[in-house]
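As C-alpha coordinates, the structure follows; a few thoughts come after it.
The values are calculated or read from the model by the stated rules, or taken from the named source; none is laboratory data. Note that the structure is predicted; figures quoted are calculated from it, not measured. Don't worry about glycine lacking a Cβ; one is built from the backbone with ideal geometry, like all the others, and counts go over all protein chains shown.
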Amino acid sequence: MPRVPAVALLALLAACSKPEVPERDTPVEPQASARHDDLKRAIDAPLRKARGAQDAVDAAAKAQDAAIEQAEAGS
(Lines give C-alpha, C1' and ligand atoms only; values in the text may rest on other atoms or scores of the structure.)
Protein backbone atom coordinates (compact mmCIF):
# COMPACT_ATOMS: atom_id res chain seq x y z
CA MET A 1 0.00 0.00 0.00
CA PRO A 2 2.81 2.55 0.66
CA ARG A 3 3.90 2.15 -2.94
CA VAL A 4 0.79 3.88 -4.34
CA PRO A 5 1.62 7.37 -2.95
CA ALA A 6 5.26 6.96 -3.96
CA VAL A 7 4.29 5.94 -7.49
CA ALA A 8 1.84 8.84 -7.72
CA LEU A 9 4.54 11.24 -6.53
CA LEU A 10 7.01 9.90 -9.08
CA ALA A 11 4.40 10.21 -11.84
CA LEU A 12 3.77 13.83 -10.89
CA LEU A 13 7.47 14.61 -10.85
CA ALA A 14 7.95 12.90 -14.20
CA ALA A 15 5.14 14.97 -15.72
CA CYS A 16 6.90 18.19 -14.78
CA SER A 17 9.44 19.43 -17.25
CA LYS A 18 11.61 22.50 -17.56
CA PRO A 19 10.13 25.32 -19.63
CA GLU A 20 11.62 25.87 -23.05
CA VAL A 21 14.38 28.43 -23.17
CA PRO A 22 13.60 31.17 -25.72
CA GLU A 23 16.07 31.87 -28.45
CA ARG A 24 18.51 34.59 -27.52
CA ASP A 25 18.57 36.10 -31.01
CA THR A 26 14.95 37.23 -30.91
CA PRO A 27 14.33 40.49 -29.04
CA VAL A 28 11.71 40.60 -26.35
CA GLU A 29 8.57 42.40 -27.49
CA PRO A 30 7.07 44.90 -25.07
CA GLN A 31 3.87 43.70 -23.46
CA ALA A 32 2.40 47.13 -22.91
CA SER A 33 2.23 49.18 -26.07
CA ALA A 34 -0.20 51.78 -24.75
CA ARG A 35 0.44 55.40 -25.45
CA HIS A 36 1.03 57.73 -22.56
CA ASP A 37 -2.41 59.34 -22.87
CA ASP A 38 -4.52 56.19 -23.33
CA LEU A 39 -5.53 56.15 -19.67
CA LYS A 40 -6.63 59.77 -19.82
CA ARG A 41 -8.64 59.07 -22.96
CA ALA A 42 -10.24 56.04 -21.36
CA ILE A 43 -11.30 58.11 -18.37
CA ASP A 44 -12.46 61.12 -20.38
CA ALA A 45 -14.57 59.19 -22.92
CA PRO A 46 -17.46 58.30 -20.59
CA LEU A 47 -17.30 61.76 -19.03
CA ARG A 48 -17.70 63.40 -22.45
CA LYS A 49 -20.58 61.06 -23.21
CA ALA A 50 -22.24 61.92 -19.90
CA ARG A 51 -21.83 65.65 -20.54
CA GLY A 52 -23.45 65.25 -23.94
CA ALA A 53 -26.34 63.34 -22.41
CA GLN A 54 -26.72 66.00 -19.72
CA ASP A 55 -26.82 68.71 -22.39
CA ALA A 56 -29.61 66.83 -24.18
CA VAL A 57 -31.57 66.44 -20.93
CA ASP A 58 -31.12 70.12 -20.11
CA ALA A 59 -32.31 71.15 -23.59
CA ALA A 60 -35.36 68.87 -23.30
CA ALA A 61 -36.17 70.27 -19.85
CA LYS A 62 -35.87 73.82 -21.16
CA ALA A 63 -38.18 73.02 -24.08
CA GLN A 64 -40.67 71.37 -21.73
CA ASP A 65 -40.60 74.36 -19.38
CA ALA A 66 -41.21 76.68 -22.32
CA ALA A 67 -44.15 74.54 -23.47
CA ILE A 68 -45.63 74.56 -19.97
CA GLU A 69 -45.22 78.33 -19.71
CA GLN A 70 -46.87 78.78 -23.11
CA ALA A 71 -49.73 76.44 -22.13
CA GLU A 72 -50.29 78.31 -18.85
CA ALA A 73 -50.19 81.69 -20.57
CA GLY A 74 -52.73 80.54 -23.17
CA SER A 75 -55.27 79.32 -20.60
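The rows are residues; the columns are (1) surrounded by 10 or more Cβ atoms within 10 Å (Cβ to Cβ); (2) modelled with pLDDT of 90 or more; (3) outside any helix (DSSP H, G or I); (4) in contact with a Lys or Arg (Cβ under 8 Å, 6 or more places away or on another chain).
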position	(1), (2), (3), (4)
ALA32	no, no, yes, no
LEU39	yes, no, no, no
ALA45	yes, yes, no, no
ASP65	yes, yes, no, no
ILE68	yes, yes, no, no
Is there any pair linking a residue in region 2-24 that is acidic (Asp, Glu) to one that is surrounded by 10 or more Cβ atoms within 10 Å (Cβ to Cβ), with Cβ under 6 Å and at least six apart or on different chains, and which? none
